[in-house]
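The next block holds one structure in the form of structure tokens; read it before the comments.
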Amino acid sequence: MTVTDEGSRGRAPSIRDVARLAGVSHQTVSRVLNHHPSIRPETKARVLSVMDQLQYRPNRAARALVTSRSRTIGVLSASSAQYGPASSIAAIEVAARAQGYYINTANIVGADREAITGAVEHLMAQAVEGIVVIAPQVRVFDILAEFAIDVPLVTLQSSGRFDGNTLAVDQISGARLATRHLIELGHRHIYHLAGPQDWIEAEARMTGFLREMSDSEVATTAPILGDWTADFGYYAGRELLSVRDFTAIFSSNDQMALGLMHAVRDAGLDVPRDVSIVGFDDIPEAAHFAPPLTTVRQDFAELGRRCVERLITDIGRRSSVPGAAAPDAAAEDAGPGTENGTEPGTAPGTATGAETGDVQEAAGGRLLVPELIVRASTGLPAF
């Protein structure tokens, strides 16, 4: 197939160049760009092949100008350096791209009123069609509740402020799975190393731990508030081991669990012979800890997919632009003389509990049920 000719040399390829070489109308190319369900798979494949050969890129600015649609989703994120928020952003970007949407991320630094206001204003200035809020701290939602945000919004935390717009992982259920696993192994002296006090997930995991301990009639001590870091886990572990009145620890994340394991080794003890440890998140390195870490897995890819799916559905309900495919086609060739054409006790390494991706209704929102991944860091109690 010839991908250039005299008429197209010296300029970027247009949607009409793609249509001509693929043997379809420019409206059909536009429908491929917009992931329209009416396009046959073989037609879509042919159009995409020509796009690749021509190195064609849609004119995003022209499309937005003509259609009043930016096809952009804003992500408002705090603490995006942490594994959970960072993984959520990556999953949302992949899911959005698959649906033909762009992602614009505004990171909140400091989480004070000025920072949050500036981030929201930045996203709205980019004409985003919807917003995903990934803000683990309660105070962020307290401030956001004061805003009049006039685009669809989905949050990934159950904050109590936007629960009707929530799609999140059931942190309480995950913590209960981890705690129950230790209890079923026979542990009765269990500590909980929690996350920071103002984090929504940390509070939920602490709640799940305390509920499971209470329901199992196992005595507990006050959880220890940490800061998510392996360093904190290490120094907390050293302090706890100076007394050694426990046989197991449930850590609110995998990084602190890593620090705990280091402290146990430095004390001349063994995981899990002397101390069993469970983490939360199932970071990629967790399977390679020494020993491999029992932990709670959150399916961020599925969370991102469902989040984008829900947001795009809400955007579609609000959109007042009928038949967007035809204006998109015009937008790609915008200029003088452009035609606006239209066409009508488990073995290590196994998972227990609910299947990843299961969804349950909760507090007007939707929660994905996490799964327990049992590896070699948990075993029978030492006493």
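General observations
- Given (1) surrounded by fewer than 16 Cβ atoms within 10 Å (Cβ to Cβ); (2) modelled with pLDDT of 90 or more; (3) farther than 30 Å from residue 283 by Cβ, number of the condition residue 43 does not satisfy: (1)
- If you go through segment 82-113 and keep only what is surrounded by fewer than 18 Cβ atoms within 10 Å (Cβ to Cβ), at pLDDT 90 or above and either charged (D, E, K, R) or not assigned by TED's automatic domain parsing to the domain that holds residue 151 (or both), you end up with just 97.
- Residues of segment 285-299 that turn out to be outside any strand (DSSP E or B), under 15 Å from the mean Cα position of the chain (by Cα) and within 16 Å of residue 255 (Cβ to Cβ), as a count: 1
- Considering residues of segment 239-264 that are of a type in the set (S, T, N, Q) and under 32 Å from the mean Cα position of the chain (by Cα) only, the residue nearest to residue 206 (Cα to Cα): 252
- Of residues in segment 125-143 being within 24 Å of residue 101 (Cα to Cα) and not in a loop (DSSP other than H, G, I, E, B), the one farthest from the chain's Cα centre (by Cα): 125
- Selected residue (only one of 314, 270 is assigned by TED's automatic domain parsing to the domain that holds residue 71, modelled with pLDDT of 50 or more and either of a type outside the set (Lys, Arg) or in a strand (DSSP E or B) (or both)): 314
- When the residues of segment 173-198 are filtered to those that are surrounded by fewer than 22 Cβ atoms within 10 Å (Cβ to Cβ) and touching a Ser or Thr at 6+ places or on another chain (Cβ under 7 Å), the one that is farthest from residue 79 (Cα to Cα) is 185.
- Exclusive hit being of a type in the set (Ser, Thr, Tyr), within 30 Å of residue 240 (Cα to Cα) and surrounded by 17 or more Cβ atoms within 10 Å (Cβ to Cβ), set 79, 158: 79
- All positions within segment 80-111 that are hydrophobic (A, V, I, L, M, F, W, C) and assigned to a helix (DSSP H, G or I): 86, 89, 90, 91, 92, 94, 95, 96, 98
- The condition (being touching a His at 6+ places or on another chain (Cβ under 6 Å) and at negative phi) is satisfied by just one residue among 289, 250: 250.
- Filtered by the rule that a residue be hydroxyl-bearing (Ser, Thr, Tyr) and in contact with a helix residue (DSSP H, G or I) (Cβ under 9 Å, 6 or more places away or on another chain), segment 195-229 gives 207, 216, 220, 229.
- Applying the condition of being outside any helix (DSSP H, G or I), aliphatic (A, V, I, L, M) and within 11 Å of residue 253 (Cβ to Cβ) to segment 181-238 and asking which residue is farthest from the chain's Cα centre (by Cα) yields 193.
The values are calculated or read from the model by the stated rules, or taken from the named source; none is laboratory data. Since we're looking at a predicted model, the values are computed, not measured. Backbone-built Cβ (ideal geometry, glycine too); neighbour counts: all protein chains shown.
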